[in-house]
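The structure appears right after this line, and notes come after that.
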């Protein structure tokens with residue numbers, strides 16, 4: 001399996017449904033526009049039997065980090081850092097739920113951001129855990145920011161260590 005950049009001429013976005021209205025709307029109406037403006041990149045996992053069918057997607061970008069919200073040990077270590085990688089969205093089509101694709105997409109997103117951090121350094125990857133997804137991210141080592149329980153982070157160092165064990 002591998003992800004590819006969303007191609008609005010190839011990938012069927014109209015039939016995608018992850019049961020989260022905001023994610024469905026973003027994927028169907030905004031993902032291509034945001035990519036064209038160089039604001040985000042959306043990657044899709046294609047069904048191997050029909051590559052126009054999207055199993056799931058995630059969107060990556062950069063985001064400012066508020067150092068005061070990180071644990072004090074990280075504040076000191078990264079005091080000159082201003083940005084982090086952001087997994088802005090992640091969704092799996094209802095037809096494919098419960099088959100491990102969400103985990104696979106998350107690991108793929110982390111690997112892409114780890115690769116980006118090797119070229120343009122940043123210390124953390126951030127995700128906003130909405131619609132009950134906090135537990136999902138915590139299972140993979142994400143920790144809540146001290147001032148916002150729905151905003152989670154994982155350090156690049158932790159991602160590097162975790163992915164080297166796969």
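Where a number appears in this text, it was derived from the coordinates with a stated rule and is not lab data. Treat the numbers as computed from the prediction; the structure is a model and nothing was measured. Neighbour counts run over all protein chains shown; Cβ positions are idealised from the backbone, glycine included.
Measuring how big the range 3-164 is from its alpha-carbon positions, Rg and Dmax come out at 15.8, 50 Å. Measuring nothing but how far apart in sequence close Cα pairs (under 8 Å, 6+ apart) lie, relative to its length, the chain scores a relative contact order of 18 percent. Spin-label model, residue 5/residue 30: points 7 Å from Cα along the beta carbon direction are separated by 2.1 nm.
Stokes-Einstein D for the range 1-90 at 20 °C, 1.002 mPa s, Kirkwood Rh over Cα pairs, in µm²/s?
Reported coefficient: 146 µm²/s.
Compactness of the range 72-166 is given as radius of gyration and Dmax, 13.6, 45 Å, from Cα positions. Springs between Cα atoms under 10 Å define the GNM used for the chain, and in it the highest mean-square fluctuation of 100, 56, 115 occurs at 100.
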